[in-house]
Amino acid sequence: MTDKVEQAKTQSAFKTKAKAVNEVLASQLKEDRTTERYTMRQLSSLLDVPHSFIGKIEQQGRRLDVGEFILYCRAMGKDPVAMLQTVIKQTKS
């Protein structure tokens, strides 16, 4: 196979794996928010963002960058490192 075909296959496999990790992360963020009894509006108020921001993250319409992730976790009273460890354990393969 050509180098371009191999590169495309590698990128596709990487994106598939990354999507699976993002799905687990979004699910975990929603689970933690509901466990802590925050509504989307309450959490969005703590973060000073529109409530649709929370919905987009939980529905995987938007990803968080590292800084946003840290602030998001802290707003819920969660440790960002512990959250990542949970996601990593759930996505080991």
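What the table shows:
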read-out	value
Meets criteria (of a type in the set (A, V, I, L, M), in contact (Cβ under 8 Å) with a residue 12 or more places away in the chain and in contact with a His (Cβ under 9 Å, 6 or more places away or on another chain)) for Met76	no
Boolean, Lys92 is modelled with pLDDT under 95 and among the basic types (Lys, Arg)	yes
Options Arg41, Arg62, Arg33, Arg37; residue that is more than 22 Å from Ala18 (Cβ to Cβ) and surrounded by 14 or more Cβ atoms within 10 Å (Cβ to Cβ)	Arg33
Residue count, region 38-68 (criterion: free of Cβ contacts under 8 Å to residues at least 24 places away in the same chain and aromatic (Phe, Trp, Tyr))	1
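The values are calculated or read from the model by the stated rules, or taken from the named source; none is laboratory data. Keep in mind that what you see is a predicted model, and the values were worked out from it rather than measured. Every residue, glycine among them, receives a Cβ derived from its backbone with ideal geometry; neighbour counts consider all protein chains shown.
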